[in-house]
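Read through the structure below, which is laid out as structure tokens, and then see the notes.
The values are calculated or read from the model by the stated rules, or taken from the named source; none is laboratory data. Everything numeric here is computed off the predicted structure, so don't read it as measured data. FYI the Cβ positions are ideal-geometry reconstructions off the backbone, even for glycines, and counts take in every protein chain you see. Heavy atoms of the whole protein, side chains included, go into the accessibility calculation; ligands, DNA and RNA do not. Shrake-Rupley method; radii C 1.70, N 1.55, O 1.52, S 1.80 Å.
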Amino acid sequence: MNKALTMSIASTLLAGSLAQAADRLPVIPPEQYTPEQKQAADEFLAARKVPVFGPFEPLMHSPQVMTQARAMGDYLRYHSAIGNTLSELVILITAREWTQDYEWYVHYPIAIKAGIKPEIAAAIADGRRPEGMSEDETIVYDFSIELHRNKRVSDQTFARAEKRFGKKGVVDLTGVNSYYTLLAMQMNAAQYQAPKDAKRLVRFPE
């Protein structure tokens with residue numbers, strides 16, 4: 001990942017930290033951290049170079065879960081076998097499938113900067129199958145959509161993904177979908193709010 005992209009990601013995440021969780025799992029002020037929460041926050045800062053933000057704020061109510069989730073994300077977000085650009089495509093798909101505004105708010109600009117075409121992202125936001133996807137994007141899109149909507153992947157779709165990315169890549173592709181589903185579920189359960197100027201994904205069905 002180049003320096004400019006890294007800086008862009010960091011600034012986006014810091015801006016996103018302005019979002020506030022609802023009363024269900026409110027943001028814990030750092031001065032009120034338990035020793036376990038402080039350790040988790042310190043490890044987060046050391047690994048991510050930014051303070052606890054976004055989905056990790058409600059997760060701080062269970063610091064062990066937060067730390068394990070952060071560690072999994074350290075690999076899946078930045079080092080997966082499918083690469084950062086395709087990972088960002090998966091994240092947009094996951095945010096759309098779970099109607100997770102904060103996840104979309106943070107990752108849309110990152111995805112565009114990483115090389116996802118705006119018209120592809122727009123189609124995903126609308127719930128449409130994008131036109132003009134590359135072969136790799138098509139494989140990742142089909143795999144992810146089947147996994148989210150059918151709760152399984154067909155033999156044909158799995159075989160295409162395995163042929164292109166290998167068994168490690170298929171595991172990582174499934175992992176990125178699963179990881180961002182975990183974060184989306186946590187934020188949806190907590191009613192974690194995106195900033196007021198964030199795009200609101202259409203709630204289906206209308």
Scan the range 99-114 for residues that are open to solvent by 30 Å² or more (accessible area, probe 1.4 Å) and either in contact with a helix residue (DSSP H, G or I) (Cβ under 7 Å, 6 or more places away or on another chain) or hydrophobic (A, V, I, L, M, F, W, C) (or both) and jot them down.
Y105, Y108, P109, I112, K113
Are there any pairs with C-beta distances below 8 angstrom linking a residue in the range 42-60 that is free of Cβ contacts under 8 Å to residues at least 12 places away in the same chain to a residue that is open to solvent by 30 Å² or more (accessible area, probe 1.4 Å), with the two at least 6 apart or on different chains, and if so which?
L45/P51
Subset of the range 160-192 that is more than 13 Å from V140 (Cβ to Cβ) and among the aliphatic types (A, V, I, L, M) - its residue that is surrounded by the most Cβ atoms within 10 Å (Cβ to Cβ)
M187
By residue number, the members of the range 139-156 that are over 19 Å from the mean Cα position of the chain (by Cα) and surrounded by fewer than 14 Cβ atoms within 10 Å (Cβ to Cβ) are N150, R152, S154, D155, Q156
Of everything in the range 77-91, what is of a type in the set (A, V, I, L, M, F, W, C), open to solvent by less than 10 Å² (accessible area, probe 1.4 Å) and out of contact with any His (no Cβ under 6 Å at 6 or more places or on another chain)? Give them in sequence order.
L89, V90
Filter result for A81 (touching a residue at least 60 places away in the same chain (Cβ under 8 Å) and not in a helix (DSSP H, G or I)):
yes
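Looking only at residues in the range 140-188 that are small (G, A, S), touching a helix residue (DSSP H, G or I) at 6+ places or on another chain (Cβ under 9 Å) and assigned to a helix (DSSP H, G or I), which one is nearest to I116 (Cα to Cα)? First the steps, then the outcome.
Here is the first cut: in the range 140-188, the ones small (G, A, S) are 144, 154, 159, 161, 166, 169, 175, 178, 184.
Remaining after also requiring touching a helix residue (DSSP H, G or I) at 6+ places or on another chain (Cβ under 9 Å): 144, 154, 161, 169, 175, 178, 184.
So of that shortlist, the ones also assigned to a helix (DSSP H, G or I) come out as 144, 161, 169, 175, 178, 184.
Details: S144: 16, A161: 19, G169: 19, G175: 20, S178: 20, A184: 21 Å.
This residue is S144.
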Hey, P130 farther than 14 Å from R96 by Cα and either open to solvent by less than 80 Å² (accessible area, probe 1.4 Å) or within 20 Å of the chain's Cα centre (by Cα) (or both) or not:
no
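Within the range 41-72, can you find the residues that are in a helix (DSSP H, G or I) and open to solvent by less than 20 Å² (accessible area, probe 1.4 Å)? Show your work before the answer.
So the first thing to find is which residues in the range 41-72 are in a helix (DSSP H, G or I), and the list is 41-48, 56-59, 63-72.
Scanning the range 41-72 gives A41, F44, F56, P58, L59, P63, M66, A69.
Would you check if there is a residue in the range 20-39 being in contact with a Leu (Cβ under 6 Å, 6 or more places away or on another chain) and surrounded by 14 or more Cβ atoms within 10 Å (Cβ to Cβ)?
Initial filter on the range 20-39 (in contact with a Leu (Cβ under 6 Å, 6 or more places away or on another chain)): none.
Taking every residue of the range 20-39 in turn, none turns out to be in contact with a Leu (Cβ under 6 Å, 6 or more places away or on another chain) and surrounded by 14 or more Cβ atoms within 10 Å (Cβ to Cβ).
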Return the total of residues in the range 88-133 being farther than 21 Å from F53 by Cβ and in a helix (DSSP H, G or I).
13
